[in-house]
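Shown next, in C-alpha coordinates, is the structure this report addresses.
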Amino acid sequence: MRMYGIGGMQMTQPGTFYFDHGNQAVILLHAFASGPIDVRLLARRLESENYSVYAPMFTGHGTADFSDIINNGSPEVWLQDAEDAIDFVKSKGKTEVAIFGISLGGIFAAKILEEHPELTGGGSFGSPIVRNGPSKVRGTFLQMAKANYQRFGVDNETINNKLKWLDDNIDPLLAKINDFANGVAEDLAKIHQPYFIGQGSKDEIVDPQSGGKLKDRLVNSRDVSFHVYPEASHMITVNSAHPDLEADLKSFLKKIY
(Lines give C-alpha, C1' and ligand atoms only; values in the text may rest on other atoms or scores of the structure.)
Protein backbone atom coordinates (compact mmCIF):
# COMPACT_ATOMS: atom_id res chain seq x y z
CA MET A 1 0.00 0.00 0.00
CA ARG A 2 1.36 3.38 -0.97
CA MET A 3 1.40 6.15 1.60
CA TYR A 4 1.51 9.85 0.87
CA GLY A 5 3.62 12.29 2.80
CA ILE A 6 3.92 16.04 2.82
CA GLY A 7 4.36 17.99 -0.38
CA GLY A 8 2.93 15.25 -2.59
CA MET A 9 5.79 12.90 -1.73
CA GLN A 10 4.91 9.27 -2.37
CA MET A 11 6.18 6.78 0.21
CA THR A 12 6.50 3.30 -1.28
CA GLN A 13 7.92 1.79 1.94
CA PRO A 14 9.31 3.30 5.16
CA GLY A 15 12.23 5.57 4.29
CA THR A 16 11.86 5.22 0.54
CA PHE A 17 10.52 8.27 -1.28
CA TYR A 18 9.46 9.24 -4.77
CA PHE A 19 8.89 12.77 -6.09
CA ASP A 20 6.83 12.55 -9.27
CA HIS A 21 7.39 15.49 -11.60
CA GLY A 22 8.82 15.64 -15.10
CA ASN A 23 9.68 12.86 -17.55
CA GLN A 24 13.37 13.03 -16.64
CA ALA A 25 13.98 10.75 -13.65
CA VAL A 26 16.89 10.58 -11.22
CA ILE A 27 17.50 7.57 -8.97
CA LEU A 28 19.55 8.24 -5.83
CA LEU A 29 21.10 5.36 -3.86
CA HIS A 30 22.12 5.76 -0.22
CA ALA A 31 25.22 4.72 1.74
CA PHE A 32 25.96 1.56 3.70
CA ALA A 33 24.16 1.24 7.06
CA SER A 34 22.17 4.40 6.35
CA GLY A 35 19.07 5.25 4.33
CA PRO A 36 17.47 7.61 1.80
CA ILE A 37 17.85 10.47 4.28
CA ASP A 38 21.41 10.65 2.88
CA VAL A 39 20.07 12.04 -0.39
CA ARG A 40 16.93 13.88 0.70
CA LEU A 41 18.46 17.37 0.50
CA LEU A 42 19.76 16.62 -2.98
CA ALA A 43 16.43 15.13 -4.00
CA ARG A 44 14.54 18.24 -2.93
CA ARG A 45 16.90 20.43 -4.96
CA LEU A 46 16.39 18.25 -8.04
CA GLU A 47 12.66 18.17 -7.45
CA SER A 48 12.63 21.97 -7.59
CA GLU A 49 14.11 21.65 -11.09
CA ASN A 50 11.15 19.44 -12.14
CA TYR A 51 13.02 16.13 -12.10
CA SER A 52 11.26 13.04 -10.83
CA VAL A 53 13.40 11.59 -8.04
CA TYR A 54 13.31 8.10 -6.55
CA ALA A 55 15.37 7.04 -3.52
CA PRO A 56 14.88 3.39 -2.53
CA MET A 57 15.93 1.73 0.71
CA PHE A 58 18.49 -1.06 0.37
CA THR A 59 17.30 -4.37 1.82
CA GLY A 60 18.14 -4.84 5.50
CA HIS A 61 18.52 -1.12 6.11
CA GLY A 62 16.18 1.26 7.91
CA THR A 63 15.33 -1.05 10.83
CA ALA A 64 16.00 -0.86 14.56
CA ASP A 65 18.57 -3.67 14.36
CA PHE A 66 21.73 -3.46 12.27
CA SER A 67 21.95 -7.26 12.25
CA ASP A 68 19.26 -7.08 9.55
CA ILE A 69 21.85 -5.59 7.20
CA ILE A 70 24.06 -8.66 7.65
CA ASN A 71 21.27 -11.24 7.73
CA ASN A 72 19.17 -9.88 4.87
CA GLY A 73 21.57 -7.88 2.72
CA SER A 74 24.31 -8.71 0.24
CA PRO A 75 25.74 -7.15 -2.92
CA GLU A 76 23.50 -9.41 -5.00
CA VAL A 77 20.40 -8.37 -3.07
CA TRP A 78 21.30 -4.68 -3.26
CA LEU A 79 22.01 -4.91 -6.97
CA GLN A 80 18.50 -6.29 -7.39
CA ASP A 81 17.20 -3.36 -5.33
CA ALA A 82 18.88 -1.02 -7.83
CA GLU A 83 17.44 -2.97 -10.76
CA ASP A 84 14.01 -2.75 -9.14
CA ALA A 85 14.45 1.02 -8.83
CA ILE A 86 14.94 1.29 -12.58
CA ASP A 87 11.84 -0.82 -13.16
CA PHE A 88 9.92 1.40 -10.74
CA VAL A 89 10.66 4.70 -12.49
CA LYS A 90 10.06 3.13 -15.91
CA SER A 91 6.70 1.88 -14.64
CA LYS A 92 5.89 5.52 -13.94
CA GLY A 93 6.41 6.28 -17.62
CA LYS A 94 9.86 7.85 -17.26
CA THR A 95 11.93 7.21 -20.37
CA GLU A 96 15.00 9.32 -19.48
CA VAL A 97 16.70 7.91 -16.40
CA ALA A 98 19.96 8.73 -14.60
CA ILE A 99 21.29 6.96 -11.50
CA PHE A 100 23.65 8.21 -8.79
CA GLY A 101 24.77 6.97 -5.40
CA ILE A 102 26.76 8.01 -2.39
CA SER A 103 29.44 5.68 -0.97
CA LEU A 104 28.04 2.11 -1.23
CA GLY A 105 25.23 3.43 -3.41
CA GLY A 106 27.77 4.74 -5.89
CA ILE A 107 29.16 1.24 -6.42
CA PHE A 108 25.72 0.03 -7.49
CA ALA A 109 25.06 3.12 -9.61
CA ALA A 110 28.25 2.36 -11.54
CA LYS A 111 27.29 -1.31 -11.92
CA ILE A 112 23.86 -0.34 -13.24
CA LEU A 113 25.44 1.98 -15.81
CA GLU A 114 27.73 -0.84 -16.91
CA GLU A 115 24.74 -3.12 -17.46
CA HIS A 116 22.18 -0.60 -18.79
CA PRO A 117 23.54 1.38 -21.76
CA GLU A 118 20.05 2.79 -22.36
CA LEU A 119 20.30 4.98 -19.24
CA THR A 120 21.07 8.65 -19.80
CA GLY A 121 23.96 8.88 -17.35
CA GLY A 122 24.82 8.84 -13.67
CA GLY A 123 27.63 8.94 -11.17
CA SER A 124 28.91 8.52 -7.66
CA PHE A 125 29.75 10.61 -4.61
CA GLY A 126 32.57 9.56 -2.25
CA SER A 127 32.37 6.02 -3.51
CA PRO A 128 35.11 3.37 -2.98
CA ILE A 129 34.98 1.88 -6.48
CA VAL A 130 38.67 2.34 -7.28
CA ARG A 131 40.95 2.57 -4.26
CA ASN A 132 44.19 1.45 -2.64
CA GLY A 133 44.01 -0.25 0.73
CA PRO A 134 41.04 -0.76 3.07
CA SER A 135 38.41 1.84 3.86
CA LYS A 136 37.30 2.73 7.37
CA VAL A 137 33.78 1.39 6.86
CA ARG A 138 34.04 -1.25 9.59
CA GLY A 139 34.58 1.15 12.49
CA THR A 140 31.98 3.55 11.16
CA PHE A 141 29.44 0.73 10.85
CA LEU A 142 29.83 -0.20 14.54
CA GLN A 143 29.59 3.45 15.62
CA MET A 144 26.42 3.92 13.60
CA ALA A 145 24.96 0.70 14.99
CA LYS A 146 25.50 1.88 18.56
CA ALA A 147 23.89 5.24 17.82
CA ASN A 148 20.96 3.51 16.13
CA TYR A 149 20.32 1.23 19.11
CA GLN A 150 20.48 4.20 21.46
CA ARG A 151 18.04 6.09 19.28
CA PHE A 152 15.56 3.22 19.61
CA GLY A 153 15.96 3.13 23.41
CA VAL A 154 17.79 -0.20 23.68
CA ASP A 155 19.37 -0.79 27.11
CA ASN A 156 23.16 -0.76 27.46
CA GLU A 157 23.58 -4.49 28.16
CA THR A 158 21.61 -5.42 25.06
CA ILE A 159 23.54 -2.87 23.01
CA ASN A 160 26.85 -4.37 24.10
CA ASN A 161 25.66 -7.88 23.21
CA LYS A 162 24.41 -6.75 19.83
CA LEU A 163 27.60 -4.83 19.05
CA LYS A 164 29.66 -7.92 19.89
CA TRP A 165 27.56 -9.97 17.47
CA LEU A 166 28.00 -7.35 14.75
CA ASP A 167 31.74 -7.19 15.42
CA ASP A 168 31.94 -10.98 15.07
CA ASN A 169 29.85 -11.17 11.90
CA ILE A 170 30.42 -8.05 9.77
CA ASP A 171 33.69 -9.06 8.08
CA PRO A 172 32.28 -11.61 5.58
CA LEU A 173 29.79 -9.03 4.31
CA LEU A 174 32.49 -6.36 3.98
CA ALA A 175 34.62 -8.85 2.05
CA LYS A 176 31.72 -9.50 -0.34
CA ILE A 177 31.24 -5.76 -0.85
CA ASN A 178 34.96 -5.37 -1.53
CA ASP A 179 34.93 -8.19 -4.09
CA PHE A 180 31.84 -6.75 -5.76
CA ALA A 181 33.43 -3.28 -5.96
CA ASN A 182 36.55 -4.79 -7.52
CA GLY A 183 34.39 -6.40 -10.20
CA VAL A 184 32.68 -3.10 -10.90
CA ALA A 185 36.08 -1.40 -11.20
CA GLU A 186 37.25 -4.01 -13.70
CA ASP A 187 34.26 -3.28 -15.95
CA LEU A 188 34.31 0.53 -15.87
CA ALA A 189 35.25 0.63 -19.55
CA LYS A 190 31.70 -0.58 -20.26
CA ILE A 191 30.35 2.82 -19.20
CA HIS A 192 29.82 5.06 -22.23
CA GLN A 193 27.30 7.45 -20.68
CA PRO A 194 28.27 10.76 -19.08
CA TYR A 195 29.47 10.20 -15.52
CA PHE A 196 29.56 12.58 -12.55
CA ILE A 197 32.10 12.16 -9.73
CA GLY A 198 31.92 14.08 -6.45
CA GLN A 199 34.69 13.68 -3.88
CA GLY A 200 35.38 15.37 -0.55
CA SER A 201 39.06 16.20 -0.09
CA LYS A 202 38.83 15.42 3.64
CA ASP A 203 36.93 12.15 3.28
CA GLU A 204 37.52 10.28 6.54
CA ILE A 205 36.07 6.93 5.40
CA VAL A 206 37.08 6.50 1.76
CA ASP A 207 40.49 7.36 0.31
CA PRO A 208 40.13 10.96 -0.97
CA GLN A 209 42.12 9.90 -4.04
CA SER A 210 39.40 7.42 -5.02
CA GLY A 211 37.52 9.96 -7.11
CA GLY A 212 40.55 10.75 -9.25
CA LYS A 213 41.35 7.05 -9.68
CA LEU A 214 37.77 6.45 -10.81
CA LYS A 215 38.01 9.29 -13.32
CA ASP A 216 41.10 7.74 -14.87
CA ARG A 217 39.34 4.41 -15.34
CA LEU A 218 36.29 5.80 -17.13
CA VAL A 219 38.09 5.62 -20.46
CA ASN A 220 34.97 5.29 -22.64
CA SER A 221 32.59 7.69 -20.93
CA ARG A 222 31.47 10.45 -23.29
CA ASP A 223 31.89 13.02 -20.54
CA VAL A 224 33.39 12.65 -17.06
CA SER A 225 32.48 15.55 -14.79
CA PHE A 226 34.89 15.42 -11.84
CA HIS A 227 34.45 17.65 -8.80
CA VAL A 228 36.53 17.84 -5.62
CA TYR A 229 35.03 19.65 -2.64
CA PRO A 230 37.80 21.18 -0.49
CA GLU A 231 37.65 20.51 3.24
CA ALA A 232 34.54 18.33 2.83
CA SER A 233 34.27 15.02 4.68
CA HIS A 234 32.64 11.82 3.42
CA MET A 235 28.92 12.59 3.28
CA ILE A 236 29.00 15.40 0.73
CA THR A 237 25.25 15.17 0.10
CA VAL A 238 24.58 16.56 3.58
CA ASN A 239 27.74 18.26 4.85
CA SER A 240 29.25 21.66 4.00
CA ALA A 241 29.72 20.61 0.36
CA HIS A 242 26.06 19.93 -0.34
CA PRO A 243 25.14 23.34 -1.88
CA ASP A 244 28.05 23.12 -4.33
CA LEU A 245 27.32 19.48 -5.10
CA GLU A 246 23.69 20.29 -5.80
CA ALA A 247 24.63 23.13 -8.14
CA ASP A 248 27.22 21.01 -9.96
CA LEU A 249 24.84 18.10 -10.39
CA LYS A 250 22.12 20.43 -11.62
CA SER A 251 24.49 21.71 -14.34
CA PHE A 252 25.50 18.14 -15.22
CA LEU A 253 21.89 17.02 -15.62
CA LYS A 254 21.00 19.99 -17.81
CA LYS A 255 23.92 19.03 -20.04
CA ILE A 256 23.02 15.36 -20.42
CA TYR A 257 19.23 15.63 -20.71
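The values are calculated or read from the model by the stated rules, or taken from the named source; none is laboratory data. These numbers come from a predicted model, not from an experiment. Here the Cβ is made from the backbone with ideal geometry for all residues, glycine too, and neighbour counts use every protein chain on show. Keep in mind that these areas ignore ligands, DNA and RNA; they rest on the heavy atoms of the full protein, side chains included. Shrake-Rupley method; radii C 1.70, N 1.55, O 1.52, S 1.80 Å.
General remarks:
- Among the residues of the range 185-226, the ones that are in a strand (DSSP E or B), surrounded by 20 or more Cβ atoms within 10 Å (Cβ to Cβ) and over 17 Å from the mean Cα position of the chain (by Cα) come to 0 in all.
- Among residues of the range 227-257, those that are open to solvent by 50 Å² or more (accessible area, probe 1.4 Å) and in a helix (DSSP H, G or I), counted: 6
- Positions within the range 147-172 being outside any helix (DSSP H, G or I) and open to solvent by less than 80 Å² (accessible area, probe 1.4 Å), in sequence order: Gly153, Val154
Residues checked against (1) of a type outside the set (Ser, Thr, Tyr); (2) open to solvent by less than 10 Å² (accessible area, probe 1.4 Å):
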position: Ile107; (1), (2): yes, yes
position: Lys111; (1), (2): yes, no
position: His116; (1), (2): yes, no
position: Gly122; (1), (2): yes, yes
position: Ser127; (1), (2): no, yes
position: Arg131; (1), (2): yes, no
position: Arg138; (1), (2): yes, no
position: Ala145; (1), (2): yes, yes
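- Within the range 49-105, considering residues that are of a type in the set (S, T, N, Q) and touching a Gly at 6+ places or on another chain (Cβ under 8 Å), the one surrounded by the most Cβ atoms within 10 Å (Cβ to Cβ): Ser103
- Evaluated against (1) at pLDDT 95 or above; (2) more than 16 Å from the chain's Cα centre (by Cα), Met9 falls short on exactly one condition, (1).
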